[in-house]
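Asks: Structure provided below as structure tokens; questions to follow.
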There are 2 protein chains.
Amino acid sequence: MDRLFQALADATRRDIVARVLVAEYSVSGLAEQYDMSFAAVQKHVAVLERASLVSKEKRGREQIVRGELDGVQEARRLLDEYERIWRQRVSRIEDILAEDEDRT
Amino acid sequence: MDRLFQALADATRRDIVARVLVAEYSVSGLAEQYDMSFAAVQKHVAVLERASLVSKEKRGREQIVRGELDGVQEARRLLDEYERIWRQRVSRIEDILAEDEDRT
DNA sequence: CGTTTCTACAACCATGTGGTTGTACGTTAG
DNA sequence: CTAACGTACAACCACATGGTTGTAGAAACG
């Protein structure tokens, strides 16, 4: 989880994810898109890969980067859980208020 | 967004979020739950507050921490968007395959 | 009143992070 | 074969982060 959210906590990496979800890119193809060194982009891709947000596949001398839903869905599960907990609390509070209503 | 995901990228902070979504805690009440200094927990709460995952309200000499859904939902929106993009690509690929089918 | 409790904040330290450059190696093109 | 391309990785730097301790102020307690 740490790696997952850490990976998403950078604008460049979120942009990479958005791009590779739409189409395939080589690492150098991605590097062209940003105003930073190839090595920097390479590191970003590595971070995304460790977080299961992206996968790489060797094709000739290029390394093709694809978007993976695994990471996205895992992160979503946690947020859904938070929302569920919150709604439970709210409804519990409403129940208590309803009991008070009964007593009036 | 950076602040949001950055805030979620720490196990202690995620635990704090989970706790305050269920019930209210004072900052010192939260600090008791963890094996670290009060100041450390205070910093975590501050990070969560800047990310709209938590809100504080003064009550007497205590500061009450509550869970906020704002941040959670904002993060979810991005992940939903990623999932939407991904499904669009998949269905586009399926359309292309279907066209190929037509030609056979 | 004085003392305790809860909070805020600054200073400090070790480590991690995002960026750089440089080097090395496999693969394709001429 | 040689040159160019795409990649991997190490070393380095500036700065952020997660933790500590210490100090100080505001609110509650006796």
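Asks: For the pair B:ALA18 and B:ARG89, what calculated FRET efficiency results from E = 1/(1 + (r/R0)^6), where r is the Cβ-Cβ distance and R0 = 30 Å, to the nearest 0.05?
Replies: FRET efficiency, B:ARG89 to B:ALA18: 0.35.
Asks: Let me check against my output: what whole-number percent is the relative contact order of chain B, with C-alpha pairs under 8 Å and at least 6 apart?
Replies: Across chain B, relative contact order equals 27 percent.
Asks: What lysines sit close enough to A:LYS43 to cross-link, taking a C-alpha to C-alpha distance under 25 Å and skipping anything fewer than 8 places away on the same chain?
Replies: Reachable lysines: A:LYS56, A:LYS58.
Asks: Which residues' amide hydrogens lie under 5 Å from the amide hydrogen of B:SER26, considering only partners 5 or more residues apart or on another chain, with H built in the peptide plane?
Replies: The list, which skips near neighbours in sequence, is B:VAL65.
Asks: Charges only on Cβ, +1 for Lys and Arg, -1 for Asp and Glu: so what's the dipole of the protein assembly as shown about the Cα centre, in debye to the nearest 20?
Replies: About 760 debye.
Asks: How far, in degrees from 0 to 90, does helix A:11-22 lean away from the longest principal axis of the Cα atoms of chain A, to the nearest 10?
Replies: 80
Where a number appears in this text, it was derived from the coordinates with a stated rule and is not lab data. Model, not experiment: these values are computed from the prediction. FYI the Cβ positions are ideal-geometry reconstructions off the backbone, even for glycines, and counts take in every protein chain you see.
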